[in-house]
Amino acid sequence: MRDYNTVILEEAIADLDLSLEFKDAAEKLGYKKLKDIVSIRTAALEKKPGFNILLVHEYVSFMESAGLGALIDPRLV
C-alpha cells in the first residue's frame, strides 16, 4: 500500500498548493507532476529557465512539509 506522501508525487503540479509562479515555471519546462522534478538536484533546478532560488526554496519547503524531504537532491550513484 502506498502512503499519502508518495501519492503526492503522482498528482498534477497544477493541483498542488504551490504558487502560480512555480506552477507556470514547471509547466514551461514540461514538468507535470512532482515525480518529474525529484530526480533533479536543486542546484540544477535553480538554473532552469523560469526557476530561481525562491522557487527552489518553495519546492524544498513543500516537499519537507509533505514528509518527502529525503527525496530532495537525490544521491548520485
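Values in this text are rule-based calculations from the coordinates and carry no lab data. This is a predicted model, so every value here is computed, not measured. Don't worry about glycine lacking a Cβ; one is built from the backbone with ideal geometry, like all the others, and counts go over all protein chains shown.
By a straight-distance test (C-alpha under 19 Å), which aspartates and glutamates pair with Lys28 as possible cross-link partners, with residues fewer than eight away in the same chain excluded?
Filter leaves Glu10, Glu11, Asp15, Asp17, Asp36, Glu46, Glu58.
If the viscosity is 1.567 mPa s and the temperature 4 °C, what Stokes-Einstein diffusion coefficient in µm²/s follows for region 35-77 when Rh is the Kirkwood radius over Cα pairs?
My calculation gives 123 µm²/s for D.
What are the extents of the Cα atoms of the chain along their three principal axes, in Å, largest first?
Cα spread of the chain along its principal axes, largest to smallest: 37, 31, 20 Å.
If a paramagnetic tag sat 7 Å from the Cα of Ser61 along the Cα-Cβ line, which residues of region 30-53 would have the backbone N under 18 Å from that point?
Output list for this probe position: 42-43, 46, 51-53.
Can you give me the long-range amide H partners of Lys33? Hydrogens built in the peptide plane at 1.01 Å from N, cutoff under 5 Å, separation of 5 or more residues or another chain.
Ile13
Could you work out the helix-only [θ] at 222 nm for the chain, with each DSSP H run of four or more residues adding -39,500 (n - 2.57) and the total divided by the number of residues, to the nearest 500 deg cm²/dmol?
-10500 deg cm²/dmol
Points 7 angstrom from Cα along the Cβ direction at Glu21 and Ser39: gap in nanometres?
2.9
Compare Leu55, Leu16, Leu34 in a GNM of the chain, Cα atoms joined below 10 Å, and give the one with the largest fluctuation.
Answer for the Gaussian network model of the chain: Leu16.
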